[in-house]
1. On the Cα set of region 459-518, report Rg and Dmax in Å, please.
2. Have a look at the DSSP beta bridges in the chain and tell me what percent are antiparallel, nearest 5.
3. As an exercise, identify the trypsin sites (Lys or Arg not before Pro) in region 370-441 lying in DSSP coil whose Cβ has no more than 13 other Cβ atoms within 10 Å.
4. Given points 7 Å out from each Cα along the Cα-Cβ axis, report the Ala230 to Ser341 separation in nanometres with one decimal.
5. Quick check on the chain: helices-only [θ] at 222 nm, where DSSP H runs of length 4 and up contribute -39,500 (n - 2.57) each and the sum goes over total residues. Nearest 500, please.
6. Pull out a ≥ b ≥ c, the square roots of the eigenvalues of the alpha-carbon gyration tensor of region 412-460, then state rounded if a/c is under 1.5, prolate if not and a/b is larger than b/c, and oblate in the remaining case.
7. Can you tell me the alpha carbon radius of gyration of region 107-240 divided by the globular rule-of-thumb value 2.2 N^0.38 Å?
8. Based on the Cβ-Cβ distance from Val264 to Lys446, what FRET efficiency comes out when R0 is 45 Å, to the nearest 0.05?
Amino acid sequence: MDSKTMNGNIKALFQNRKFFWLIFILFLAVYLLVGISVFQDYNVSVDEPIQREHSRVAYKYINDKLFHREIDSMMNVDELAEYEHKYYGVAMQLPLVFVEDILHFELSVRRIFQGRHLYNFFICVLGYICFYFALKKILGNRWYALAGMALISLYPRLFAYQFYDIKNMIFAALNMAALLTLVNVVEKCNFLNILLFAFVAALTTNQRIMGVLFPVLLIGYFIVTDITQARIAHKEHADEIQHSEFGWKKYPLIIFLYLLAWFVITPAAWEEPVRTFYETFVGFSHYERWDGTMLFNGRLVTCEERPWYYLFAWFGISIPVWYLVLFAAGHVYAVVSVRKSENKWIDILGKYKWLSCSLALFWGSVGAVVILNSRIYEEWRHMFFVFVPFCCIAVYGLVFLLQKINRKVIYGIAAVCLLLQVVWLVRNHPYQAVYFNGIGRNIATKFDRDSWYMSNLEMLKWIADNDDGEQITVDGYFIEMAELVMDDGDAGRILHIQDDAEYIIANYTRVVGNTLEYEGYEEVYSVWVDKYKIGSVFRKKEM
């Protein structure tokens with residue numbers, strides 16, 4: 001068989017829909033199998049217990065208002081009206097409390113948090129699937145859409161956080177779902193699509209107030225396109241912009257259904273919806289509850305001292321370099337496409353609208369944080385949602401490079417980079433959250449690493465496995481989180497004290513370099529990722 005025939009057969013294979021769906025289902029099945037196999041390997045993050053309490057408070061309120069049941073296990077739960085954190089959206093967490101309720105609140109704490117990790121993972125996978133279908137509609141090519149799904153689901157930091165970050169990763173997953181419903185409404189503005197969009201956008205806003213960007217973006221797009229269509233003189237240009245069968249009626253319908261859905265799923269708003277929405281927006285736009293320090297480029301800084309380029313620095317050192325290259329190529333594609341266009345404004349609103357949307361979502365969100373000096377701290381997990389438009393732009397960049405450079409070269413480089421990335425994920429399990437790219441690894445010891453103390457679980461397990469004492473005294477931050485998912489026998493042996501403990505466990509968050517010393521103690525065990533430590537165990541020296 002000559003090379004020409006072979007190339008033709010390969011091309012035909014990749015054009016075969018059955019072959020594609022085989023690859024898609026295989027990818028998804030392997031991903032799910034891996035997640036189900038490893039979800040118990042992750043520690044409980046610092047935020048999880050308080051997030052669970054937020055959801056229990058809301059659940060108690062719903063029960064008191066609607067069902068009037070007496071639940072003994074919730075007698076000591078705070079009342080929502082008096083709760084300090086009542087404006088946190090918990091709609092996505094309420095199913096978890098419902099499961100606890102069905103099981104009579106008899107689940108062990110370990111099972112509760114491991115179950116929450118598995119739930120978190122499933123929601124994120126649903127988000128990736130939505131992202132695939134959104135890209136498929138946007139680009140009209142299933143392989144490009146699968147590439148985008150692989151980019152976002154195999155990014156190391158998101159891979160780990162998807163198990164235990166029930167705020168930012170769930171918000172990112174909802175952004176993927178909201179993007180899909182947004183695409184559906186713009187492409188076909190009917191009642192069902194508007195209803196689905198309103199509900200998903202409301203869920204996204206309930207999770208974090210930044211979700212309001214989606215209805216604002218949709219309404220803004222419709223206003224601009226309606227005005228543009230009214231001013232276009234030539235019919236052939238008007239046809240290039242998507243028309244809506246609802247006309248002006250779509251505006252009040254979108255707003256009404258969105259606000260109604262948000263009101264229904266936000267118990268804190270049931271009595272004072274306008275005030276709740278306003279105070280939530282104001283409160284989280286300038287969040288001031290966290291006033292700690294973080295390590296940035298070898299220096300401890302507060303939120304007020306954080307430089308304006310904080311986010312850009314983190315993007316540059318913690319996103320794979322080849323992602324950044326694709327992201328840059330996507331911008332080049334945008335500039336080149338618009339410059340070549342004869343009807344720039346029509347094309348921006350027409351065939352380039354989703355590239356424009358991705359650029360607006362990414363740079364609008366990042367720009368708002370920089371200009372308003374919003375509180376972003378400890379890495380960039382609060383901004384994981386911008387990774388959704390980031391990957392959209394990166395896929396456009398991939399398409400552009402495939403048009404300009406030999407396809408085999410691009411496919412080969414992308415395959416090797418993705419394979420190396422998967423190898424890194426496996427080798428550094430379960431600490432994918434401290435991933436630094438090839439640039440960042442050289443300076444990783446100057447930045448926060450294990451900021452949620454996830455290595456505590458491994459270190460406590462090491463102590464329990466290597467010390468035969470019936471009771472072991474340990475000093476360290478957030479030890480109690482790891483004890484929540486340890487075996488009862490090992491957890492019962494650990495006694496947390498602050499002075500004169502037999503062991504000290506230390507994390508390298510807010511620590512420059514790989515060296516820590518405690519007088520009277522020796523380092524006996526360390527957790528490494530690449531060439532930097534994220535945690536160490538120190539044992540008291542024998543006198």
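The values are calculated or read from the model by the stated rules, or taken from the named source; none is laboratory data. It should be emphasised that the depicted structure is a prediction, and the values quoted were computed from it without experimental measurement. Reconstructed Cβ throughout: ideal geometry from the backbone, glycine too, with neighbour counts over all protein chains shown. All accessible areas refer to the heavy atoms of the entire protein, side chains included, with ligands and DNA or RNA removed. Shrake-Rupley method; radii C 1.70, N 1.55, O 1.52, S 1.80 Å.
1. Rg then Dmax for region 459-518, in Å: 12.0, 35.
2. Bridges in the chain that DSSP calls antiparallel: roughly 75 percent.
3. Passing sites in region 370-441 do not exist.
4. So the two model labels end up 2.2 nm from each other.
5. That comes out to -19000 deg cm²/dmol.
6. Working: a/c = 3.78, a/b = 1.57, b/c = 2.42.
It comes out oblate by the Cα gyration axes.
7. 1.26
8. The computed FRET efficiency comes out at 0.45.
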